[in-house]
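Colleague: Got a structure here, written out as structure tokens. Questions coming.
The values are calculated or read from the model by the stated rules, or taken from the named source; none is laboratory data. In this text, all values refer to a predicted model and were calculated from it rather than measured experimentally. With ideal geometry, Cβ positions are generated from the backbone for all residues, glycine too; neighbour counts draw on all protein chains shown. We work out accessible area using only protein heavy atoms, side chains counted, and drop any ligands, DNA or RNA first. Shrake-Rupley method; radii C 1.70, N 1.55, O 1.52, S 1.80 Å.
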Amino acid sequence: MPSPAPPADRTTPQAVPPGDGVPGGSRPILARQAARESAARTYARHLPIVPVRARGAWITGADGRDYLDCLSGAGTLALGHNHPVVVGAIRAVLDSGAPLHVLDLATPVKDDFTSALLGVLPPELAADCRIHFAGPTGADAVEAAVKLARTATGRRGLFAFTGAYHGMTAGALALTGANAVREPAVAGDPFLTRLPFPHPYRCPFGLGGALGEAASASYVRTLIEDPQSGAPLPAAVVVEPVQGEGGVVPAPDAWLRSLRSLTREHGVPLIADEVQTGFGRTGELFGVDHAGVVPDVMVLSKAVGGGLPLAVVVYRASLDRWAEGAHTGTFRGNQLAMAAGAATLRFIAAEGLAARAAELGRLLVSRLTRYQAQYPLLGQVRGRGLMIGLEIVDPAGEPDALGALPAAPAAARRLRAELLARGVIAELGGRHGAVLRLLPPLTLGDDEAEHLLGVLGRALDVVAEDRDAPRARMEVARV
Ligand code: PMP
């Protein structure tokens, strides 16, 4: 696939020029941001760039440098930055004189978006579903999905998984695994039961592989079927088909299928949080498609708005038993996001971008897996489609019973910094923040993928050398 902008040769670290590329440059802006914005700001802390222009997979900073964006707005920009199809759709709404904000009223733009969405949903769900427009974030749509399931079942309990990420509002945060951010808001949620997600590298049962998956499935079944499990039948089970923030951990297909049959048997709605996995990202249109599973509720955001804020919950019509106003919110009628989203969804389907993500993802994972022989700090390379994770470990550490090495968060942070210095934007996630996550646009070109692999190799060289140097020096000293 041709790339929208030729990758510049960014293989060596570039010093930030003092004058920067635009009037004012990036330094004073970054300094003002640090002085004025919240201590809770995130990406801005470790990606100190000031984007001023962007096209495809590339961002140009106020420092005049080009960066290959392998974060894509946390997986939002399926078609990359300023794709002509998206920009054209936004421009058409602006030029038409249509209202930009209409609460949840019907409009031709919304009608068209809804048709586009129904056109790409799993057919079994599309055939008999309802769509709720939530406030425009993944977290708000998760809140809506939970409320819907509780209302429909009359039950309160929820089952969610270790490593899960569902958002930062109190209800979504309760489902999220990250202890440090949960704790101030939702410590000890009495309605939540935490279940072990089958992790292929850090198996919660110390079993690994198919045995670990079977143990997890069996544990969930026991909690639901054992009258003395201490966990009443829940209102819903909430799962990510590939845990994203948790460190790019795909739900094994057989395990997800067992979760589907178990929840169906017991009349428990299965909520698939496809906020990050939706619309081609994993190499299928939806993350659940890998397992051939159709959930009862799907939570969709990020790519659904073509880069603008939008979130929806799609669910089986039989669950539609909540009352008028049950989940309201002012900003549920963003017409520009709906137009951008409709254009994006149609483009993904028409251009076969899910299959393209699968192909490119396979290539990247197989090449990166080969890197493991050269760089022992790559504990595991995994992913689906263009959702790829590199587990950064300490090769000198003590392996656990299954051979997994300790997480190496400092090396992971160094790798992220070395990538940025060479013009590649990537983020960390996972346990201990030691998984390098790659989420490039689905439109990434072959030459851009090669460029990424080359830069990653150079950055890994630096991190590996850095790690080995003190040890080598010690050995020389001993000699
Ligand atoms: N669910 C998943 C799976 C996510 O990855 C995210 C965001 N990373 C969310 C929910 C929350 O979305 P938002 O940040 O838009 O609230």
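Colleague: Over the stretch 84-350, what is the relative contact order in percent, taking alpha-carbon pairs closer than 8 angstrom and at least six residues apart?
Modeller: Once divided by the residue count of the stretch 84-350, the mean separation gives 31 percent.
Colleague: While we're here: Rg(Cα) of the stretch 84-350 divided by 2.2 N^0.38 Å?
Modeller: After normalising by residue count via 2.2 N^0.38 Å, the value is 1.00.
Colleague: If you don't mind, there's one more thing I want to ask. Over 20 Å apart: what share of the alpha carbon pairs of the stretch 357-476 falls there, rounded to a whole percent?
Modeller: Every Cα pair in the stretch 357-476 considered, those over 20 Å come to 40 percent.
Colleague: For the stretch 154-170 and the stretch 202-233, compute the distance between their C-alpha centroids and round to whole Å.
Modeller: Between the Cα centre of the stretch 154-170 and that of the stretch 202-233, the gap is 17 Å.
Colleague: On a C-alpha basis, how far is the centre of the stretch 41-93 from the centre of the stretch 130-150 in Å? Whole number, if you could?
Modeller: The stretch 41-93 and the stretch 130-150 have Cα centres spaced 27 Å from each other.
Colleague: Still on this structure, I have one more. Rounded to a whole number, what % of the accessible area of the chain do carbon and sulfur atoms account for, probe 1.4 Å?
Modeller: 56
Colleague: For R91 and I29 in one chain, what is 0.36 nm times their gap in residues minus the Cα-Cα distance, to one decimal in nm?
Modeller: Between R91 and I29, full extension yields an extra 19.4 nm.
Colleague: Here is a follow-up. In what sequence, largest accessible area first, do K302, K147 appear using a 1.4 Å probe?
Modeller: Order by accessible area, largest first: K147, K302.
Colleague: Mind ranking 31-42, 54-65, 91-102 by how tightly packed they are, going by the mean number of other C-beta atoms within 10 angstrom, highest first?
Modeller: Final packing ranking: 54-65, 91-102, 31-42.
Colleague: Quick check on packing: order 337-345, 321-329, 418-426 by the mean number of other C-beta atoms within 10 Å, highest mean leading.
Modeller: The densest-packed peptide leads the list: 337-345, 418-426, 321-329.
Colleague: Expressed as a rounded percentage, what relative contact order does the stretch 258-393 have, with Cα pairs under 8 Å and six or more residues apart?
Modeller: Rounded, it is 24 percent for the stretch 258-393.
Colleague: Enumerate the calculated ³J(HN,Hα) couplings along the stretch 26-41 in order (Karplus 6.51 cos²θ - 1.76 cosθ + 1.60, θ = phi - 60°), each rounded to whole Hz, writing x wherever the residue is Gly or Pro.
Modeller: 8, 4, x, 5, 5, 5, 5, 4, 4, 7, 9, 8, 4, 5, 8, 4
Colleague: Please work out whether the stretch 346-397 counts as rounded, prolate or oblate from its C-alpha gyration tensor, where a ≥ b ≥ c are the square roots of the eigenvalues and a/c under 1.5 means rounded, while otherwise a/b larger than b/c means prolate and anything else oblate?
Modeller: prolate
Colleague: Would you please give the FRET efficiency between A410 and A349, computed as 1/(1 + (r/R0)^6) with r the Cβ-Cβ distance and R0 = 51 Å, to the nearest 0.05?
Modeller: FRET efficiency, A410 to A349: 0.75.
Colleague: Right, next: Answer rounded, prolate or oblate for the chain, using the Cα gyration tensor with square roots of eigenvalues a ≥ b ≥ c: rounded when a/c is under 1.5, else prolate when a/b is larger than b/c, else oblate.
Modeller: It comes out oblate by the Cα gyration axes.
Colleague: Identify the residues of the stretch 247-262 with backbone N under 18 Å of a label point that sits 7 angstrom from the Cα of A210 along the Cα-to-Cβ direction, or state none.
Modeller: Correct set: 251-259.
Colleague: Using the Karplus curve 6.51 cos²θ - 1.76 cosθ + 1.60 with θ = phi - 60°, work out ³J(HN,Hα) for each residue of the stretch 140-149 in order, rounded to whole Hz, and write x for Gly and Pro.
Modeller: 5, 5, 5, 4, 5, 4, 5, 4, 4, 5
Colleague: Mean residue ellipticity at 222 nm from the helices of the chain, using -39,500 (n - 2.57) per DSSP H segment of n ≥ 4 over the full residue count, to the nearest 500 deg cm²/dmol?
Modeller: Helix contribution divided over all residues of the chain: -12500 deg cm²/dmol.
Colleague: Compute the relative contact order of the chain as a whole-number percentage, counting only Cα pairs closer than 8 Å that sit 6 or more residues apart in sequence.
Modeller: Across the chain, relative contact order equals 22 percent.
Colleague: How big is the Kirkwood radius of the stretch 389-438, worked out from every pair of different alpha carbons and given in Å to one decimal?
Modeller: 11.1 Å is the Kirkwood radius here.
Colleague: How do 249-259, 383-393 rank on mean C-beta neighbours within 10 Å, highest first?
Modeller: Per-residue mean Cβ counts within 10 Å order the peptides as 383-393, 249-259.
Colleague: Using the heavy atoms of the protein chains alone and a 1.4 angstrom probe, what is the accessible area of the stretch 84-350 per residue in square angstrom?
Modeller: 38
Colleague: Next question, about the same structure. Can you figure out the FRET efficiency of R264 with D104, using R₀ = 41 Å and their beta-carbon distance, to the nearest 0.05?
Modeller: The computed FRET efficiency comes out at 0.85.
Colleague: Shifting gears a bit: Pop out the ³J(HN,Hα) list for the stretch 310-320 in order, Karplus 6.51 cos²θ - 1.76 cosθ + 1.60 with θ = phi - 60°, rounded to Hz; leave Gly and Pro as x.
Modeller: With coefficients 6.51, -1.76 and 1.60, one gets 6, 8, 9, 10, 10, 8, 4, 4, 5, 7, 6 Hz.
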